[in-house]
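Single-structure report; data block below.
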Amino acid sequence: MEFFRNPNIDFLGKKWYFLAFSLVFSVAGVLSMLFWRGIPLGVDFRGGTLVYVKFSHPPDDNAVRAAMDRAGLHNARIQRYGPAANNEVLIDLALQETSEQALDQGKTKIINALESNAPPGKQDLNNASSLTITNYLLEKDPQHLGTDANQRYTAEAQAVVSYRDKTKGGVLGSFDELKGAVDPAVVASLREGFFLSDFGVRNVEIVGPQVGKQLQTQAELAVLYSLAGMLVYLWFRFEWIYGVAAVITVFHDTLITVGVFSLSNKPISLTVIAAILTLVGYSNNDTIVVFDRIRENIKLLRRERLADIVNRSINQTLSRTILTAGLTFLTVLALYLFGGEVLHGFSFALVIGILIGTYSSIAIAAPILVAYQDWRQGQGKKPTAMPVEPAKRERVKAKAKV
């Protein structure tokens, strides 16, 4: 299947437009990383506390952030996750304590910050633990069980928490919803000692700063090792200039992808690093396909200029590039649209990376070969972008036959 039959597009003639495009996005990303938003590291790398909160109504991000500020929890990042109908948000705090006590304290701080109109003397049933409910029921003993109450009230408390979390998604709208799930006397007693807030803290996660720093170092090394491995492979597979061109291209792709994350203020997590490493391999694969066709055409079209050979090679591989990149792009686009919040950063990086990676294989990698040869000729040196040794071998074979 071919999208184009014998295309003849002058890609190298448009290299200055490509250069301008790349410079605009690269410089914008670098300026954002240096002077505006920096590199927005996720909690995986910088350490911190993630709090998952479900509301009974569509949450107001600004109101939630203002509540965090009033409680002294500054610079909180508020992010929606899951389907919009679930009314769930992820609150990313800079709290970096790692103990179990700190975990409970972080949860308590969030609850206190969001409970703006808590009735005095009452506890929040939407954020109460099973143990808290059990202790309350043992104290009030609404069913008059006496000394045999512990096991019964523990079961009633667990029933309340199970119905709240599993059936109602973590937030009760009214005490009447508990009727049928627990004993009516227990419901009446809970109504006296508890109130219902409009939110529930579903989960709290903490990543320590030392762990985050270690993960950051490992992620940086993974990217650098992959670039170095590509350079060495292409150096032996083709020539060193091919490896340099491929590494520059991948660095260009990575820079623009990270720059887009900085400009859009999307946090870079471990899954995003996985996507960037995937992008490194994908972009390199596209580049090698073009390079391989250039090498083949150099043997066949020995008398033509390298610029013409490069243009022809790109045109010959254009249908293959469009097909593979297009199908992959549709896949990651579906993942971005329907994959959920957990895969949002990963799929977003791939969407940007595939577009930029396909573009750079055509507009950046191949022109570097031509630019280097032109520079070598300007210096009066023998061009090295062309594989001279295979050509010599062909001439030796021809002489041997004669």
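The values are calculated or read from the model by the stated rules, or taken from the named source; none is laboratory data. If you're wondering where the values come from, they're calculated on a predicted model, not measured in any experiment. Every residue, glycine as well, gets a Cβ built from its backbone with ideal geometry; the counts of neighbours run over all protein chains shown.
Numbers for the structure displayed
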item	result
Condition check for I298: part of a helix (DSSP H, G or I), within 20 Å of I248 (Cα to Cα) and either modelled with pLDDT of 90 or more or assigned by TED's automatic domain parsing to the domain that holds V258 (or both)	no
Some residue of segment 313-323 being within 17 Å of the chain's Cα centre (by Cα) and not in a helix (DSSP H, G or I)	no
Members of segment 324-365 that are over 14 Å from the mean Cα position of the chain (by Cα), of a type in the set (G, A, S) and surrounded by 21 or more Cβ atoms within 10 Å (Cβ to Cβ)	G357, S360, S361, A363, A365
Matching residues, segment 32-56, being loosely packed, with under 14 Cβ neighbours inside 10 Å and assigned to a helix (DSSP H, G or I)	L34, F35, W36
Options V258, V247, V223; residue that is within 17 Å of the chain's Cα centre (by Cα), free of Cβ contacts under 8 Å to residues at least 60 places away in the same chain and part of a helix (DSSP H, G or I)	V223
Residue in segment 168-180 that is touching a residue at least 24 places away in the same chain (Cβ under 8 Å), surrounded by fewer than 21 Cβ atoms within 10 Å (Cβ to Cβ) and of a type in the set (V, I, T) present	no
Residue in segment 330-338 that is modelled with pLDDT of 90 or more, within 25 Å of L255 (Cα to Cα), in contact with a Gly (Cβ under 6 Å, 6 or more places away or on another chain) and not aromatic (F, W, Y) present	no
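This table checks each residue for (1) of a type in the set (D, E, K, R); (2) in the same structural domain as L34 (by TED's automatic domain parsing); (3) within 30 Å of N311 (Cα to Cα); (4) crowded, with 21+ Cβ neighbours inside 10 Å.
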residue: Q218; (1), (2), (3), (4): no, yes, no, no
residue: I256; (1), (2), (3), (4): no, yes, yes, yes
residue: L270; (1), (2), (3), (4): no, yes, no, no
residue: G281; (1), (2), (3), (4): no, yes, yes, no
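Okay, residues lined up against (1) within 30 Å of E220 (Cβ to Cβ); (2) free of Cβ contacts under 8 Å to residues at least 40 places away in the same chain:
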site	(1), (2)
L12	no, no
V27	yes, yes
W36	yes, no
I39	yes, no
V43	yes, no
I78	yes, yes
